[in-house]
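K.L.:
Please see the structure below; I have some questions.
The values are calculated or read from the model by the stated rules, or taken from the named source; none is laboratory data. Since the model is a prediction, treat every value here as computed from it, not as a measurement. With ideal geometry, Cβ positions are generated from the backbone for all residues, glycine too; neighbour counts draw on all protein chains shown. Remember, those area values only see protein heavy atoms, side chains included, never the ligands or the DNA or RNA. Shrake-Rupley method; radii C 1.70, N 1.55, O 1.52, S 1.80 Å.
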Amino acid sequence: MGVASEPQLRGNLSMFHLLFTVLAFNAPMAVVVGFIPLVVGYGNGIGAPVAFVAAGVILALFAAGFTTMARHLPNPGGFYAYITAGLGRVVGLGSSFLALLCYYAITLSCYAYFGLVLKSLIQDRYHGPAISWWLWGLALVAAVGVLGYFKLDVSARVLSVVLVCEVVIVLVYDASVVAKGGASGFSLSSFTPDAALSGSTGLALLFAVLCFGGFEATTIFRDEVRDPDRTVPRTTYLFIGLVTLLYAGSAWLLIQAYGTDKVVAATAADPTQSFMDSAAAYSGRVLVDLATVLLTTSIFAAALSSHNITARYLYNLGADGILHKGLSKVHPRQGAPYRASLVTTVATVLGLAPFVIFAADPTLLYATLSGIFGYALIVLLLVTGVAIPVYLRRTRPSDTNVWKSVVAPVLALTGLAVSLVLATQNFSTLISGSESLTNGMFALVYGTFVVGVITALVYRRSRPDVYERIGRQ
């Protein structure tokens, strides 16, 4: 992509290694412990499993056009490349800036959350020394920075081990609830229309969609996998299918564990602790201790994945000459964008510094940064959802049918449009902030997009050679 550079990005990821990499970004343990109880307690109550199924359907429809476009656009630029190909360089560069903000925000969020969780684990659970959250966060920055310097295969092996442990713990909990028959037998009332549409259905769908974050990263790593034309589409669908089953199933079993008459009150009172209490009752304290430890490794895995994604957006912008060309340098032995990775590490430290200096509350910091990521992700998915049918209808590839080029993308676009409206209406809930903070975050998200648009327009007028390289295939 962009200006030729030697050597090029390379790797040898299998489908399963790529799957583990994007699943690790998704952080299944953190979702099951923190987000699923939230959907139950503050979303649509016992209808929460349906919210996850609905989100899975929306993203599977999106993937129909997304993976089709991936075959005809062999470009590792992710949202940046796809939006540019469909809607032009100006919108494409604006979207690339927004994507960079999106993944940078979740990277910072991971470090704040990691520091918060590990501080609590060491100090409160094991009565260890009182070490500030940001010191734990910086330790993670160092570890991620080292791994991010090497080829993606190294990170994938580390992430695979962590991910398998997370999923095993979740499945053990699920099996324990099944074995003990729940609180009072099993009920399918969660799947009735009344339950699915109860409570705050919109908020439930919003949170459920955010729990699928990461599947789009399959295209960013296409130059580092074996046979990308087959691996990327298969991994994308496999990810969506597995996440839908895991989260919808775990939500249903959490409901069964408490009983349909008690679960909403329990999860609303304390989302995270409600899962841990249930795990202790059904699986014992040993599993709770393991789950607590694996929550920290889950955050570590998410931080490593988001670091790698951020670095590759910087690499692509460097390769196209939008940012400094040095960012497109690839390590001669590792085949990794090592300079972009180093810049990501430095930017992370600089990003955390003001919050440390002004003693920001890490809980609020985590919530705000996660909210920025979630909202920006939905915007990017929506814009990409517009770009896909435009591109496919314009290019009319011979192996693409009406379902993939029109019907599925339009249906997905409808679902994503609803999600964006809900995200806008509930943004203060996403970031757990005041009205002024909410308005400030809206300004940051849309302002970042506008800065990218203005940059493209400036390049079009003053440096047409750079403008021509935006999103270059």
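K.L.:
Hey, among the residues in the stretch 37-51 that are touching a Ser or Thr at 6+ places or on another chain (Cβ under 6 Å) and not polar (S, T, N, Q), which one's surrounded by the most Cβ atoms within 10 Å (Cβ to Cβ)?
P.N.:
V40
K.L.:
Tell me which residues, restricted to the stretch 297-320, are over 15 Å from the mean Cα position of the chain (by Cα) and either open to solvent by 10 Å² or more (accessible area, probe 1.4 Å) or among the aromatic types (F, W, Y) (or both).
P.N.:
Residues satisfying the conditions are T297, L314, Y315.
K.L.:
Report every pair of residues separated by at least 6 positions or lying on different chains whose Cβ atoms are under 7 Å apart, first residue within the stretch 151-167 and more than 15 Å from N26 (Cβ to Cβ) and outside any helix (DSSP H, G or I), second modelled with pLDDT of 70 or more and open to solvent by less than 20 Å² (accessible area, probe 1.4 Å).
P.N.:
Filtered contacts from the stretch 151-167: K151/A336.
K.L.:
Can you find a residue in the stretch 425-440 that is on the phi > 0 side of the Ramachandran plot and touching a helix residue (DSSP H, G or I) at 6+ places or on another chain (Cβ under 9 Å)? Don't jump to the end; show me each part of the working.
P.N.:
Applying the first criterion (on the phi > 0 side of the Ramachandran plot) to the stretch 425-440 yields 432.
Keeping just the survivors that are touching a helix residue (DSSP H, G or I) at 6+ places or on another chain (Cβ under 9 Å) gives 432.
Within the stretch 425-440 (the criterion being on the phi > 0 side of the Ramachandran plot and touching a helix residue (DSSP H, G or I) at 6+ places or on another chain (Cβ under 9 Å)), the answer is yes, since at least one residue qualifies.
K.L.:
Another one. Just to check your reading of the model, which residue among G241, G202 is over 15 Å from the mean Cα position of the chain (by Cα), modelled with pLDDT under 90 and in a helix (DSSP H, G or I)?
P.N.:
From the options G241, G202, the qualifying one is G202.
K.L.:
Let me ask another. Restricting to the stretch 400-409, give me the number of residues that are free of Cβ contacts under 8 Å to residues at least 40 places away in the same chain and loosely packed, with under 15 Cβ neighbours inside 10 Å. Break it down stepwise before answering.
P.N.:
Narrowing the stretch 400-409 to residues free of Cβ contacts under 8 Å to residues at least 40 places away in the same chain: 401-402, 406-407.
Okay, now just the ones that are also loosely packed, with under 15 Cβ neighbours inside 10 Å, so 401-402.
Result for the stretch 400-409: 2.
K.L.:
Next up: Which of the helices (runs of 4 or more DSSP H) found entirely inside the stretch 346-447 contain at least 1 residues meeting this: among the aromatic types (F, W, Y) and modelled with pLDDT of 90 or more?
P.N.:
In the stretch 346-447, the matching helices (runs of 4 or more DSSP H) lie at 362-395.
K.L.:
Something else now. Q273 - would you say it is open to solvent by 10 Å² or more (accessible area, probe 1.4 Å) and either under 26 Å from S370 (Cα atoms) or more than 24 Å from the chain's Cα centre (by Cα) (or both)?
P.N.:
When the stated conditions are applied, Q273 passes them.
K.L.:
Are any residues in the stretch 453-464 free of Cβ contacts under 8 Å to residues at least 12 places away in the same chain and either open to solvent by less than 90 Å² (accessible area, probe 1.4 Å) or within 30 Å of the chain's Cα centre (by Cα) (or both), and if so, which ones?
P.N.:
I454, V458, S462, P464
K.L.:
Moving on to the next point. Of the residues in the stretch 350-399, how many are farther than 17 Å from L87 by Cα and open to solvent by 50 Å² or more (accessible area, probe 1.4 Å)?
P.N.:
Residues in the stretch 350-399 being farther than 17 Å from L87 by Cα and open to solvent by 50 Å² or more (accessible area, probe 1.4 Å): 12 in total.
K.L.:
For the stretch 254-343, give me every one of the helices (runs of 4 or more DSSP H) that falls completely inside it and has 1 or more residues that are within 24 Å of A139 (Cα to Cα) and acidic (D, E).
P.N.:
285-319
K.L.:
I'd like to know if the stretch 138-147 contains one or more residues that are of a type outside the set (K, R), out of contact with any Asp or Glu (no Cβ under 9 Å at 6 or more places or on another chain) and assigned to a loop (DSSP other than H, G, I, E, B).
P.N.:
Of the residues in the stretch 138-147, the ones of a type outside the set (K, R) are 138-147.
This time we only want the ones that are out of contact with any Asp or Glu (no Cβ under 9 Å at 6 or more places or on another chain), so: 138-147.
This time we only want the ones that are assigned to a loop (DSSP other than H, G, I, E, B), so: none.
Checked the stretch 138-147: no residue is of a type outside the set (K, R), out of contact with any Asp or Glu (no Cβ under 9 Å at 6 or more places or on another chain) and assigned to a loop (DSSP other than H, G, I, E, B).
K.L.:
Within the set of pairs 6 or more residues apart or between chains, which connect a residue that is within 10 Å of D174 (Cα to Cα) and in contact (Cβ under 8 Å) with a residue 40 or more places away in the chain inside the stretch 245-266 to a residue that is of a type in the set (D, E, K, R) and open to solvent by 50 Å² or more (accessible area, probe 1.4 Å) with Cβ atoms less than 9 Å apart?
P.N.:
Once the first residue is within 10 Å of D174 (Cα to Cα) and in contact (Cβ under 8 Å) with a residue 40 or more places away in the chain and sits in the stretch 245-266, its partners that are of a type in the set (D, E, K, R) and open to solvent by 50 Å² or more (accessible area, probe 1.4 Å) give A257/K180.
K.L.:
In the stretch 211-243, what count of residues is obtained for those that are surrounded by fewer than 22 Cβ atoms within 10 Å (Cβ to Cβ) and under 30 Å from T267 (Cα atoms)?
P.N.:
Total meeting the criteria: 4.
K.L.:
OK, next. If I ask for residues that are open to solvent by less than 10 Å² (accessible area, probe 1.4 Å) and β-branched (V, I, T), which ones from the stretch 200-210 would you list? Lay out the reasoning, then the answer.
P.N.:
Just the residues of the stretch 200-210 that are open to solvent by less than 10 Å² (accessible area, probe 1.4 Å), to begin with: 204, 206, 208-209.
If the condition is that a residue be open to solvent by less than 10 Å² (accessible area, probe 1.4 Å) and β-branched (V, I, T), then V209 is the only one that fits.
Residue by residue, here is whether (1) more than 19 Å from A291 (Cα to Cα); (2) modelled with pLDDT under 90; (3) exposed (fewer than 14 other Cβ atoms within 10 Å of the Cβ); (4) within 21 Å of the chain's Cα centre (by Cα) holds:
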residue: A139; (1), (2), (3), (4): yes, no, no, no
residue: V146; (1), (2), (3), (4): yes, yes, yes, no
residue: D153; (1), (2), (3), (4): yes, yes, no, yes
residue: S160; (1), (2), (3), (4): no, yes, no, yes
residue: V164; (1), (2), (3), (4): no, yes, yes, yes
residue: V177; (1), (2), (3), (4): no, no, no, no
residue: L188; (1), (2), (3), (4): yes, no, yes, no
residue: T192; (1), (2), (3), (4): yes, no, no, no
residue: S198; (1), (2), (3), (4): yes, yes, no, no
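K.L.:
A follow-up question, please. Consider G94 carefully, then state whether it is more than 21 Å from G351 (Cα to Cα) and at pLDDT 85 or above.
P.N.:
Spelling it out, G94 is indeed more than 21 Å from G351 (Cα to Cα) and at pLDDT 85 or above.
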